[in-house]
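The block underneath contains the structure these notes are about, expressed in structure tokens.
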Ligand code: DUC
Ligand code: ZN
Ligand code: ZN
Ligand code: ZN
């Protein structure tokens, strides 16, 4: 059974051209002219690009005394509706829980997925068992390990633990990811603000200034340098954190930076909204920043010092947010965005001239596939790749609204935003799973995508000794 996507313009990260795409089974069989298939899909007036990959989601995640409202079913449905065909979710062991037990829980939860998925494993405490289990996790196909430098008393790890884990990553050909905020400073600032009588959502932003993020990003990057491994900084939201990433890259360190679509398009004036619910719905960490920081993140995407755009989709209902009424430190941290990432980035990035279409594809799919070692299975439209693709209609605009969204929550942080483009069709491994505003794929069809360790030349050869010698010369 084959399908021909006809009359569209193919957009990859490296080029744009008029071509038809032939899908056979789960893969792309050919890209070009003069092809024929058993059935035809019309892409006239549309762009055809690789399905979005969101490298940062939290579906059904227990957090801050509750559980995120989007589960694997509503979350991946939301993803497909917006042209995202794969998510990478964070598997988070509870305190002292063995990594493989947490994996089993995540495996069970992800059985309902509509879209393909992978995991990052979180390192939330350290001992010999964790060290050994990291090897098993890599064997099972997860080669990225996340570390929280914030959430003191819960998920946070200290420098010693991080350094041990980073060295283990170097050994395994794995890559650490880091939530970069200085958790000690955040905790101290929270107490100070509460003592001063600041209890509303604006306190959340005051307690997590850019310096808190910049310090942690620099520290994580230096620790990675000492350990001889690459590092990926999640949700880079500030000039300070971006500078740390850019400086390390200029020094030859393999460091990646991931801004979120929310930080690129929404700013800290949201926390000044007198409606408590409105402000609390936008509480996430790091918090939204001002326009100066936003401009800087856009510049980074263009310049290549930041490589990918994610959502950190971590959705809580208004009712859940209200746990923090009277004490902002108890507002569950997180916002949605999974279904709107492509439309918002297209409208605010491509339509405004800030990004080319190719840069858009790089940031939403190709670069993510490369950095996470999924390429060219995912992230590109070419012969042999899996047929994860979007037929993108640049004239099918809509106004974002919670009333029409797939996500299970009762609001949308982009509410009222007019976006200029949406998917006409979304294909996942050759199957049309979303068509003209309707879900056509089956629940549970999503598959786990295992990943291999990173190639030896990427890091195993960069031993600590060689690295320090190189760097001494370079300076
Ligand atoms: N930030 C959030 O806002 N939510 C989940 C975890 C995080 O780091
Ligand atoms: Zn985080
Ligand atoms: Zn996150
Ligand atoms: Zn395949």
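The values are calculated or read from the model by the stated rules, or taken from the named source; none is laboratory data. Keep in mind that this is a model prediction, so the values were computed, not measured. Backbone-built Cβ (ideal geometry, glycine too); neighbour counts: all protein chains shown.
Looking for whichever is within 16 Å of ligand 2 (Cβ to nearest atom) and either under 24 Å from residue 63 (Cβ atoms) or crowded, with 19+ Cβ neighbours inside 10 Å (or both) here; the options are 390, 308. Which one fits?
Details: 390 fails: within 16 Å of ligand 2 (Cβ to nearest atom).
Of the residues listed, the single one that is within 16 Å of ligand 2 (Cβ to nearest atom) and either under 24 Å from residue 63 (Cβ atoms) or crowded, with 19+ Cβ neighbours inside 10 Å (or both) is 308.
Flag: residue 21 does not match the condition of being within 16 Å of ligand 1 (Cβ to nearest atom) and under 23 Å from residue 375 (Cα atoms).
Residue 375 meets all of the listed conditions (1) touching a residue at least 12 places away in the same chain (Cβ under 8 Å); (2) out of contact with any strand residue (DSSP E or B) (no Cβ under 7 Å at 6 or more places or on another chain) but one, namely (1). Only one of the numbered conditions (1) buried (at least 17 other Cβ atoms within 10 Å of the Cβ); (2) out of contact with any helix residue (DSSP H, G or I) (no Cβ under 8 Å at 6 or more places or on another chain); (3) farther than 30 Å from residue 208 by Cα is violated by residue 114, and that is (2). Contact map, the stretch 7-34: first residue without any contact (Cβ under 8 Å) to a residue 12 or more places away in the chain, second residue assigned to a strand (DSSP E or B) and more than 16 Å from ligand 2 (Cβ to nearest atom), Cβ cut-off under 6 Å, separation 6 or more or different chains; pairs are 17/10; 18/9.
Selection within the stretch 169-194: residues that are assigned to a loop (DSSP other than H, G, I, E, B) and more than 16 Å from ligand 2 (Cβ to nearest atom). The member of this set that is nearest to residue 259 (Cα to Cα) is 174.
Which residues, taken from the stretch 166-181, are crowded, with 24+ Cβ neighbours inside 10 Å and away from ligand 1 (no atom under 16 Å from the Cβ)? Steps first, answer last, please.
First pass over the stretch 166-181, keeping only residues crowded, with 24+ Cβ neighbours inside 10 Å: 166, 169, 174-181.
Passing the criteria: 166, 169, 174, 175.
Residues in the stretch 74-110 that are touching a residue at least 40 places away in the same chain (Cβ under 8 Å) and in a strand (DSSP E or B): 84, 85, 86, 87, 88, 90, 91. Among the residues of the stretch 224-238, just one is within 14 Å of ligand 2 (Cβ to nearest atom) and on the phi > 0 side of the Ramachandran plot, namely 235. Looking only at the stretch 273-287, decide whether some residue is within 15 Å of ligand 3 (Cβ to nearest atom) and within 20 Å of residue 303 (Cα to Cα). No, that holds for no residue.
For the stretch 418-441, taking the residues that are more than 11 Å from residue 390 (Cα to Cα) and assigned to a strand (DSSP E or B), the one that is nearest to ligand 2 (Cβ to nearest atom) is identified as 419.
For (1) free of Cβ contacts under 8 Å to residues at least 40 places away in the same chain; (2) touching a strand residue (DSSP E or B) at 6+ places or on another chain (Cβ under 6 Å); (3) at positive phi, each residue gets a yes or a no:
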residue	(1), (2), (3)
141	no, no, yes
145	yes, yes, no
162	no, yes, no
167	no, no, no
170	no, no, no
173	no, no, yes
178	no, yes, no
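Only strands (runs of 3 or more DSSP E) whose full extent lies in the stretch 7-61 are considered here, and the ones with at least 3 residues that are within 26 Å of the chain's Cα centre (by Cα) and within 16 Å of ligand 3 (Cβ to nearest atom) are 52-57. Annotation note: of 16, 67, 40, 57, the sole residue that is at pLDDT 95 or above, in contact with a helix residue (DSSP H, G or I) (Cβ under 7 Å, 6 or more places away or on another chain) and surrounded by fewer than 18 Cβ atoms within 10 Å (Cβ to Cβ) is 16. Taking the residues in the stretch 195-246 that are more than 20 Å from the chain's Cα centre (by Cα), farther than 25 Å from residue 330 by Cα and part of a loop (DSSP other than H, G, I, E, B) as candidates, determine which candidate is farthest from ligand 3 (Cβ to nearest atom). This residue is 228. In a residue-by-residue description of the stretch 361-381, the property of being crowded, with 24+ Cβ neighbours inside 10 Å, in a strand (DSSP E or B) and within 16 Å of ligand 4 (Cβ to nearest atom) applies to no position. A single entry from 338, 297, 306 fulfils the requirement of being under 22 Å from the mean Cα position of the chain (by Cα) and part of a helix (DSSP H, G or I): 297. Count of the stretch 142-168 residues, restricted to those that are within 12 Å of residue 122 (Cβ to Cβ) and part of a loop (DSSP other than H, G, I, E, B), is 5. Inclusion of residue 320 among residues that are more than 20 Å from the chain's Cα centre (by Cα), touching a residue at least 40 places away in the same chain (Cβ under 8 Å) and not in a strand (DSSP E or B) is warranted. Among the conditions (1) away from ligand 4 (no atom under 16 Å from the Cβ); (2) within 17 Å of the chain's Cα centre (by Cα); (3) under 23 Å from residue 388 (Cα atoms), residue 115 misses just one, which is (1). In the stretch 247-281, the residue that is surrounded by the most Cβ atoms within 10 Å (Cβ to Cβ) out of those that are assigned to a loop (DSSP other than H, G, I, E, B) and in contact (Cβ under 8 Å) with a residue 40 or more places away in the chain is 259. Considering only residues in the stretch 232-245 that are touching a strand residue (DSSP E or B) at 6+ places or on another chain (Cβ under 8 Å) and away from ligand 1 (no atom under 16 Å from the Cβ), the one that is farthest from residue 169 (Cα to Cα) turns out to be 242.
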